[in-house]
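First comes the structure, then the notes that go with it.
Readers should treat all values here as calculations from the given coordinates under stated rules, not as data from a laboratory. Just so we're clear, the structure is a prediction, and the values are computed from it rather than from any experiment. As a convention, Cβ positions derive from the backbone with ideal geometry for all residues, glycine included, and neighbour counts pool all protein chains shown.
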Ligand SMILES: [Fe+2]
């Protein structure tokens, strides 16, 4: 009897086999003319048809070019990594030596200093053009000496890109800062007790925030070839807060209840409970536990939580803001590290497949429910104008239609979540469920 394929190779997780270009797509509704740029989204799409884990497939970018109310093109392209073209290439070779120029670059795609970078947390970035052609590995002129997270943070105040790299071997964690022109200008080793999986982090206007949570490297799992991380009851859980202004500073660590976080929604400088400056707030999609035995036992039970850390007294306050399961939380890019009122996430509640808009001023939320048969991916918020109020703009995402096994690119009005989409564009092929994307406005 044939073995049932793992979830990440079935249904809309299954890879597509073709690179397609489609021009002048039919728009159902009206594409706002303010949307002038590229929506790009990365995801795992194993070229061989097989990968041992959802996170291990070759990176493929699906892109939309929007201009003057038109959808000029849809394209999908594999990131032409070394690993795509040489299946024997490995980030960690059989001799144990790391080669960060090798990676699947499947997790995120971001734009900084006029470069578009595809990212995976094991490796160096790989630069692509806005037409999705691969330019090559980008190691910041040879200065990058660690892997790069797929979740860098671009400070809207300074234009700097902050990021980190983590790995199995010491140093386990390194912080990096790239200036607004794209030069890597600071790298600092951060002391942590051991090698943990650190998927994402946060910034505020004044602080860098690391999460050192109890999903630890396991050599036995590594030898078996899957995701080499599992839960560890003995590791503890801590959040580190490090001032941005002081090169060489070390984080101050705050113990928190054990949990795992792939993705923060946002963080910002806040007031202490006594009404003084000197606290940070971190909102996250928090899992009570992750991968107790190994990464096969995945249950999506992340819910929106808030940590409030008082930098004076050391007090940690943890609160759950919603009891529903959500993932892929996002905030408007111009508010990364700054106080936000609104946030967006993907939620599946019974027969509802929804994009959720949180209003954190009163912990309320509104939904766009796509229904039982239509499933949205991560939504990216695009403001309608520089001077627009916080939620004036659009949410962009790919939506999968189960009965027809087809996909649409969908634009929602973020101020009117329950309304029909502003625009919906049928795509020439299915877009598999992926990870993260960005809106890259034209200059
Ligand atoms: Fe992620």
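Odds and ends about this structure:
- Residue order, fewest to most surrounding Cβ atoms within 10 angstrom, among 94, 357: 94, 357
- For the pair segment 1-68 and segment 390-426, the centres of their Cα atoms are 16 angstrom apart.
- Computed extension length for residue 181-residue 26: 52.0 nm, one decimal, from 0.36 nm per residue of separation with the Cα-Cα distance subtracted.
- Calculated [θ] (222 nm, deg cm²/dmol) that DSSP helices of n ≥ 4 give over the chain, each run adding -39,500 (n - 2.57): -500 deg cm²/dmol
- Computed E for residue 94/residue 170 - FRET, C-beta separation, R0 25 angstrom, nearest 0.05: 0.75
- Modelled this way, with points 7 Å down the Cα-to-C-beta line, the labels at residue 293 and residue 419 are 4.9 nm from one another.
- Multiplying the residue separation of residue 68 and residue 406 by 0.36 nm and subtracting their alpha-carbon distance yields 119.1 nm.
- Centroid-to-centroid separation of segment 106-173 and segment 317-361 [C-alpha atoms, Å]: 25
- Cα-projected label distance for residue 234 with residue 276, points at 7 Å along beta-carbon direction, nm: 3.9
- Mean sequence separation of contacting Cα pairs (under 8 Å, at least six apart), scaled by the length of segment 209-250, corresponds to a relative contact order of 44 percent.
- Between residue 252 and residue 351, the C-beta separation translates, for a Förster distance of 51 Å, into a calculated FRET efficiency of about 0.65.
- Difference of contour (0.36 nm per residue) and Cα-Cα distance, residue 131 to residue 7: 41.6 nm
- Calculated FRET value between residue 316 and residue 224, using beta carbons and R₀ = 41 Å, to 0.05: 0.70
- Computed over segment 140-340: relative contact order in percent, which uses C-alpha pairs under 8 Å that are six or more apart: 16
- With contacts taken as Cα pairs under 8 Å at a separation of at least 6 residues, the chain carries a relative contact order of 13 percent.
- Ranked 151, 62, criterion: other C-beta atoms within 10 Å, fewest first: 151, 62
- With Cα atoms defining each centre, segment 73-88 and segment 212-255 are spaced 30 Å apart in the structure.
- Mean projected area (nm²) of the alpha-carbon convex hull when the chain is viewed from all directions: 20.9
- From largest to smallest, the equivalent ellipsoid semi-axes obtained for segment 140-340 from the alpha-carbon gyration tensor read 25, 22, 16 Å.
- Distance (nanometres) between label positions extended 7 Å along Cα→Cβ at residue 114 and residue 364: 4.6
- Rh by Kirkwood over Cα pairs, then Stokes-Einstein D for segment 222-312 at 1.306 mPa s and 10 °C, µm²/s: 105
- Residues 60, 417 in ascending order of nearby Cβ atoms (within 10 Å, fewest first): 417, 60.
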